Amino acid sequence: KLNWKVFWTIRKFRSDEEYQAWLRGEAQPFEETRIDHNLLLNEGIGLLLDLLIGAGGTAYDNTNARLGVGDSATAESAAHTGLQAASNKAYAGMEATYPQRSAQTVTWRAVFGSAVANFDWNEFTVVNAADDTGVNLNRKVSAQGTKASGQTWTLDLTLTIS
């Protein structure tokens, strides 16, 4: 039996300076939330299977992976091929050492700086390209508030298979 456990973590900082202080262990986010679960998308499942058998495809690695956020509250569907927001969506590349694997857990992390993704955060994905033209592994819908200009928010996706 395959167990697939996924959760998203959002850390909210009032400024990039506060975020940098957090990296140095000198500050904490003003809010941190954890969102459990998500829906694997059909296109992501297909790519995982192709990568598993060596049939080719683009990995969700540091070079290619982006975490995406959007303002759509459209219910999750395995048939989706990415974020559903019409215009308010943004993608951020991986932090330098991400994704990281420890045992059976992989974590992706992206930082959305002060001028990026300043809208309602309602949906989340990981894609293997700069935007939804790539293959989206999953999608989660959960209202997480509105990111204001000047704030820096981080988004982590943690996936454990056992």
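When restricted to Cα atoms, the range 1-40 yields an Rg and a Dmax of 14.3, 45 Å, respectively.
In terms of packing, defined here as the mean over residues of other Cβ atoms within 10 angstrom, the peptides 55-61, 107-113 line up highest first as 107-113, 55-61. Charge dipole (Cα centre; +1 on Lys/Arg Cβ, -1 on Asp/Glu Cβ; no other charges) of the range 37-139 amounts to roughly 220 debye.
Residue-wise HN-Hα couplings along the range 18-29, as the Karplus relation 6.51 cos²θ - 1.76 cosθ + 1.60 with θ = phi - 60° gives them from phi, are 5, 4, 4, 5, 4, 4, 7, x, 9, 8, 10, x Hz; Gly and Pro carry x. In degrees between 0 and 90, to the nearest 10, how far off the longest principal axis of the chain does helix 42-52 point, with axes built from Cα atoms? So the inclination is approximately 70 degrees. Listed by chain and number, the lysines placed with their C-alpha closer than 16 angstrom to that of Lys140 are Lys5, Lys89; residues fewer than eight positions away on the same chain are left out. Per residue, the accessible area of the range 74-162 comes to 40 Å², computed with a 1.4 Å probe over protein heavy atoms only. What percentage of the solvent-accessible surface of the chain, computed with a 1.4 Å probe over protein heavy atoms, is contributed by carbon and sulfur atoms? Answer for the chain: carbon and sulfur cover 49 percent of the accessible area. Using the basic label-point model (7 angstrom from Cα toward the beta carbon), what is the Ile45 to Ala129 distance in nanometres? Modelled inter-label distance: 2.2 nm. Bridgeable aspartates and glutamates around Lys12 (alpha carbons under 18 Å apart, same-chain partners fewer than 8 residues away excluded): Glu26, Glu31, Glu32, Asp36, Asp71, Glu95, Asp120, Glu123, Asp156. The calculated FRET efficiency for the pair Ser162 and Arg14, based on their C-beta separation and a Förster distance of 35 Å, comes to about 0.40.
Normalising the Debye intensity of the range 71-162 to I(0), with uniform scatterers on Cα atoms only, and taking log10 at q = 0.14, 0.20, 0.24 Å⁻¹ returns -0.52, -1.05, -1.39.
The values are calculated or read from the model by the stated rules, or taken from the named source; none is laboratory data. Note that this is a predicted model, so its numbers are computed, not measured. FYI the Cβ positions are ideal-geometry reconstructions off the backbone, even for glycines, and counts take in every protein chain you see. All accessible areas refer to the heavy atoms of the entire protein, side chains included, with ligands and DNA or RNA removed. Shrake-Rupley method; radii C 1.70, N 1.55, O 1.52, S 1.80 Å.
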